[in-house]
Every structure is written in structure tokens, then in C-alpha cells.
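Please read the structure below before turning to the comments.
The values are calculated or read from the model by the stated rules, or taken from the named source; none is laboratory data. Keep in mind that what you see is a predicted model, and the values were worked out from it rather than measured. Cβ atoms come from the backbone with ideal geometry, glycine included; neighbour counts cover every protein chain shown.
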Amino acid sequence: MRYFLAVAEELHFGRAAVRLYISQPSLSHQIRKLEEGLGAPLFERSSRRVQLTAAGRTLAQEAPKVLAALEQAVQLTRLTASGIAPTIRLGYTPVANFGTLTVLMDALQEEHPDLTIDAREAFSAEIPDRLRTGDLDIGLALSPQPLDGVRSQILRRESVSALLSTRHHLALAPKIPLAELRDETLLLFPRRLAPAYYDGIVAACHEAGFEPDVCAFENPPVNPMLARLSSGREVGLAPASFAEHAAKVGTGVTVREVVDPSIAAELSVLWSAGGSLPAVASVLGIARRCAERNGWLGGPTL
């Protein structure tokens, strides 16, 4: 595969052979063996130039991923053989604890049973800086703020739903237009915990034509929030997976979809842009496969 990539980059067998420190006939022989194994020509050769075929272009896109995965597998195998089981420090927002973290942890246990995950609950706003300083290896954060030295990719995209008492007059509707919350007190987590997420809700309210009356909920655990919502005086707004879990465990609380406009909640996986443990790439790969299998992005887009 490395021989193929060298030729694909150079588009010249002679230069690729020099780069690989092998003879040109040996390189040509290896490429022919690869083509025979794949059952498709990878290069169009002439006396004047070398070009990738359609199959060759596809392989050129996919081969680096294969080589990277192989390298990670080799390093993990060496660590395991040496008796050193890698530990990954994973920081996650409380919102990820419902419907996302459990799925990811189960997949990690199945694919890498020797991998130790040290899961630590943290607020979304804290996670990027803790990754940059080396306190965490991977993070799950709600609408994280960009930070130099930290990379991120959306792992789950869902809508924000309303949590309210079953006695609330809006609970009778299957869906709640956002403008209907104009005269309600909205129960939200404080802005400092996830600024971009909070600002997205406020911006959506402005789009719907009103300034929201927000009551910041300083105590993140679910049960105190449900106790307040069951009184019927406030309406909570939270990512759908969190809201659905809360409605199941709460008494006298229900969940309703918010529309016109709907509000997006994006949970991202984050990691350090610098050097990291080989196991981090494996965890990222498993997270992406979880997103595909569970339709967290609305389809296999990762």
C-alpha cells in the first residue's frame, strides 16, 4: 500500500522507486500484484505519463486511513503485549450521560476490552482547556467553543425539546411553536456551562420574535430540575435525548418537540491536536462508528 501511495503522489514510477529506495522493476512488480489482487487497474500508463484510474483515485483516498488504522493497531498490540494497558481520560458533559456515553462505553468494551476508560463528568465550557493542558485525552461537549490546539467533530446532532409539567396548558399540544413560550419562564443551565448552546437558544427566541425570560438552573442533576418543572411554573429546554430521559424518570413531567424554529443541539467529540496516546485514535474511530450505527447525525455522514 505504501508503494501504491508513493506512485500515486509522484505519478512517476522512477521517482517513486528512488523515494522508496527500491528498483523500478521491483516497484512495478509490486503494483501489478496489488492490481491483480484488487481485480482493477490503478494506473493508466503510457510512455509519456502515469495517471490514476477511477479505482486508483478511490484507493488513494482510502489508503491513508487504512495505514493509519494499521499503525494504531500495531501500537496498541505492542502496548498490550508489554503489559501496559492504556488508560483514556474522557471528560463528558452531563448531557452526554443520557443515550450517548453509555452506547460509546459499551462499544469500547466490546472492541477494546483491555482499554481502561477513566470517565469524568465536566461542564462543556471546561473540556477544551482541559484537553489542551493535558488533563483529559478525549472530551464530549455540547457546542464547544473553538480553542487553538484542540480539534473537534460533531458526534450527535439533535433538536432541543421542552420539558414541562403534565398540568401545564402547553402539554396538551404534540408540538410547541417556540413563539408559544413568549410568556413562559425558561429553565436553562447557566450560560457559563455551555455558552454557544445557551446563545443558540436565545437567538432562536429572538428569531421567533421575543426576548426570553430565562431562569438559570445552577444545580445540573436531573432530579432537582424535575422537581421544579413538576410545579408547572417553568418550562425547561434541553437536548432531546436528555429531555426524553428526564421525562421517563420524572413524575408528572412530559416532553414536547419545539418547532418554528427548531433549535439544534450539537454534541461534539474533542481531542488534542498535539501528540496523544495511540488509543485515542481508536476511541475516535469507535465514536464515529457509533454515530453511523445509531443515526446520530441523521445518516452515515461521519
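What strands (runs of 3 or more DSSP E) completely inside the stretch 195-283 contain at least 1 residues that are modelled with pLDDT of 85 or more and surrounded by 20 or more Cβ atoms within 10 Å (Cβ to Cβ)? Explain how you work it out, then say what you get.
Working: elements: 213-216, 234-239, 253-259, 264-272.
Filter on the stretch 195-283 gives 234-239, 253-259, 264-272.
It is to be established whether one or more residues within the stretch 86-99 are in contact with a Leu (Cβ under 6 Å, 6 or more places away or on another chain) and among the basic types (Lys, Arg). Taking every residue of the stretch 86-99 in turn, at least one turns out to be in contact with a Leu (Cβ under 6 Å, 6 or more places away or on another chain) and among the basic types (Lys, Arg).
Of the residues making up the stretch 124-148, just one is small (Gly, Ala, Ser) and farther than 22 Å from residue 286 by Cα, namely 125. Quick one: is residue 67 modelled with pLDDT under 85 and either part of a helix (DSSP H, G or I) or in contact with a Gly (Cβ under 6 Å, 6 or more places away or on another chain) (or both)? It is true that residue 67 is modelled with pLDDT under 85 and either part of a helix (DSSP H, G or I) or in contact with a Gly (Cβ under 6 Å, 6 or more places away or on another chain) (or both).
Listed by first and then second residue, the pairs linking a residue in the stretch 94-121 that is part of a helix (DSSP H, G or I) to a residue that is among the charged types (D, E, K, R), with Cβ atoms under 7 Å apart and 6 or more places separating them unless they lie on different chains, are 94/121. Of the helices (runs of 4 or more DSSP H) lying entirely inside the stretch 1-44, those containing at least 3 residues that are among the hydrophobic types (A, V, I, L, M, F, W, C) and closer than 22 Å to residue 69 by Cα span 2-10, 24-38. Whether any residue in the stretch 78-97 is at pLDDT 90 or above and in contact with a Lys or Arg (Cβ under 6 Å, 6 or more places away or on another chain) is what I want to check. Yes, the stretch 78-97 has at least one match. The residues of the stretch 128-147 that are touching a Ser or Thr at 6+ places or on another chain (Cβ under 7 Å) and in a strand (DSSP E or B), listed by number, are 140, 141, 142.
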